[in-house]
Structures are given as structure tokens and as C-alpha cells.
Amino acid sequence: MITSVSADGLGLHYGRTRALDDVSLRLSPGVTGLLGPNGAGKTTLLRVLATALRADRGALTVLGHDPGTARGRQEARRRLGYLPQTPGFHPEFTAFEFVDYVAILKELTDRGARHREVRRVLEEVGLGEVRGRRIGKLSGGMRQRVALAAALVGDPGFLVLDEPTVGLDPEQRMRFRELIAGTGEGRTVLLSTHQTEDVAMLCHRVLVLARGAVRFDGTPEELTARADGRVWSSTERDPGARAGWRTGTGTFRNVGDPPDGAELLEPTLEDGYLLALDGAGAGVAA
Ligand SMILES: Nc1ncnc2c1ncn2[C@@H]1O[C@H](COP(=O)(O)OP(=O)(O)OP(=O)(O)O)[C@@H](O)[C@H]1O
């Protein structure tokens, strides 16, 4: 398997807060999901991999380059695209102007070639028709697509997407998922999300991060399989469950170690995710 990005023993502190704790990973072409509760360190990890932040310790290689050196950082940055959690849009910019501005920052100096590239990425995300519209007038879903277009400038080999589906309605989310699936063809994409459905629908691999450490690294099927025989239904809240919640039918769905004779349920990715968090002290909801 091709390894596009590799990290070994990454550590990072913000003052006394340990945000990354000995993180090692390998990323290959296709979409890898990054799941984790609030404060797990997802944004920090994405920023380190996108070379926007430097780890205190550990080794990193992005598309064959070492971002620890000025030269390596520059080469890696030329080849990666980053959609941050809160893209800094200027609402008065049109979609075209914003993406063009990003293209200038990415050193596409030839005006004609740059404008062709801006039109290409806006077409790719389905915004060719509205490229002259001001960003402030676009819907949330369209704005997110402008941010994706900006990240796609220059056809990056590594694409980093920080919670791009947050705040989108179900239809927009579905549309955005299709776009992400397309971007994962032939390139390495790391997608941070709180939505286990994003992972189930899009990802060939998933990483679970909690308290700055990798708690799971494998396929979505393997994560779901962690919950085999560990999900059950009960009419009352089961005090022995690691997590349990009332469902729409009024019964409780529990994950953990079922009591004898429990009515076992088919596990989902979400069940496997909750079990992967168990023991991480990361607040498995009960
Ligand atoms: N600039 C900063 N200064 C100090 N602490 C920070 C800073 N950024 C993040 N942290 C802390 O580092 C830890 C990891 O934060 P990070 O934003 O990476 O998590 P996250 O998984 O992306 O969370 P969320 O899902 O809420 O976006 C948290 O404890 C957070 O409070």
C-alpha cells in the first residue's frame, strides 16, 4: 500500500494541556475518517499534518517531504489542501475572488493559468454558475463548497478536511459527502468529523482519537465488529452498561458487557466508536 503521510510519536502541548500524546499513523489514498469527542485533539492533529502547526516531538513525512525543515515544509504545502474548521471568508468577496486569492497564496503566479484553475475547481464542486456571487449571499452548503474548492486548488495529493459537514442540513450533507467521495479517488484525504455516518458512508479507514491519543486504527467494519455481542436492548436503564440511551421505541440501547440472557442487537459503527472511547476517560455518554 502507498503511504502518503506518516507520523511517528507526535506530541504537542499547549502550555500544560497535552493535546497530542505519542500519535503514530500512516495514511494512504482514499478517505480516512478521524473521529473523536470535543477536545480530543482532532483539529490540532489536522493542523500539524497540514504543516500549520509544529509538533513538539515526533517525526512527520507528508508526500515524501519533512515539514520539520523550511524546504520540506514549502514542498509539502505546495502539495496539500486544507479546509479549516472556520474558513476565513471575506463576505464581500465573490466565490471566484476568494478562490483566486487562495490560488495566489498557493503561488499560482500565471494569471491565465490561475484563472483556469479557479474555474476548474469551482466547476468540480458544482459552483461554476454562481462563481460571481458574493460569499455573504451564498447558503451554508455553498460556502462550504467554496472552501472545498479553495482546498482543491493545484490538485493536492493530500487533502485535510476539518469537520466540513458541520452545520449542513441533511440534503447539503449528502451532496457534500458525494463531493468528498470524489476527492478521495486517487488522493489521500483525512476527514475529521463528529458524524459516524460520514465515516460509514465515505471512509476506507478510521482513526479514533481521545485525549490526544489514537484509540483505534482500522477499517469501519473492524470498528463496528468491536461491538459484536456487546450491544443489547433492555426495558430499564441497565446500570452495568458502559453507555446506554433511550431509543424512539422507549426501550434502552446499551453497549458494554451484556448480562446473561440479554437481547443482543446488531452493532453499528457508532456502538464500536463508543466502545473505542471507553476507558479513555473521554466521556462516554450514559
Ligand atoms: N490554541 C490553544 N491554546 C490552548 N489550548 C488549546 C488550543 N487549541 C486547543 N487547545 C486544547 O487542546 C485540546 C485539543 O483541542 P482540539 O481543538 O485539537 O480538539 P478537537 O478534537 O478538534 O475538538 P473539537 O471537536 O471540539 O473541535 C483541548 O483540550 C483544547 O482545549
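The values are calculated or read from the model by the stated rules, or taken from the named source; none is laboratory data. Keep in mind the model is a prediction, meaning the values are calculated, not measured. Every residue, glycine among them, receives a Cβ derived from its backbone with ideal geometry; neighbour counts consider all protein chains shown.
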Inset, instruction - Quick one: in region 41-52, of everything that is modelled with pLDDT of 95 or more and not β-branched (Val, Ile, Thr), which residue is nearest to TYR14 (Cα to Cα)? - result: GLY41
Inset, instruction - Might you check whether a residue that is surrounded by fewer than 19 Cβ atoms within 10 Å (Cβ to Cβ), within 16 Å of the ligand (Cβ to nearest atom) and among the β-branched types (Val, Ile, Thr) occurs anywhere in region 86-109? - result: yes
Inset, instruction - Taking ARG205 as the residue in question, decide whether it is more than 14 Å from the chain's Cα centre (by Cα) and either on the phi < 0 side of the Ramachandran plot or at pLDDT below 95 (or both). - result: no
Legend entry - Long-range neighbours under 7 Å by Cβ, at least six apart or interchain, first residue more than 15 Å from ALA227 (Cβ to Cβ) within region 245-266, second at pLDDT 90 or above and in a loop (DSSP other than H, G, I, E, B): THR251/THR235
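How many residues are in a loop (DSSP other than H, G, I, E, B) and of a type in the set (Phe, Trp, Tyr) when one looks only at region 80-110?
Total meeting the criteria: 2.
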Inset, instruction - Pick out the one residue from THR235, THR224, THR219 that is touching a His at 6+ places or on another chain (Cβ under 9 Å) and either among the small types (Gly, Ala, Ser) or free of Cβ contacts under 8 Å to residues at least 60 places away in the same chain (or both). - result: THR219
Inset, instruction - Could you figure out which of (1) surrounded by fewer than 16 Cβ atoms within 10 Å (Cβ to Cβ); (2) under 29 Å from ARG215 (Cα atoms); (3) in contact with a Pro (Cβ under 9 Å, 6 or more places away or on another chain) isn't true of SER4? - result: (1)
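Quick one: which strands (runs of 3 or more DSSP E) lie wholly within region 1-67 and hold at least 3 residues that are farther than 25 Å from ARG177 by Cα and within 10 Å of the ligand (Cβ to nearest atom)?
In region 1-67, 5-14, 17-27 are the strands (runs of 3 or more DSSP E) which contain 3 or more residues that are farther than 25 Å from ARG177 by Cα and within 10 Å of the ligand (Cβ to nearest atom).
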Inset, instruction - Report, by residue number, each residue of region 177-199 that is surrounded by fewer than 16 Cβ atoms within 10 Å (Cβ to Cβ) and closer than 13 Å to GLY36 by Cα. - result: HIS194
Legend entry - Hits in region 237-276 (condition: closer than 18 Å to GLY218 by Cβ, crowded, with 19+ Cβ neighbours inside 10 Å and in contact with a Ser or Thr (Cβ under 9 Å, 6 or more places away or on another chain)): PRO267, LEU269, GLU270, ASP271, GLY272, TYR273
Inset, instruction - Tell me, yes or no, whether region 49-72 has at least one residue that is crowded, with 17+ Cβ neighbours inside 10 Å, closer than 24 Å to ARG187 by Cβ, within 15 Å of the chain's Cα centre (by Cα) and touching a residue at least 12 places away in the same chain (Cβ under 8 Å). - result: yes
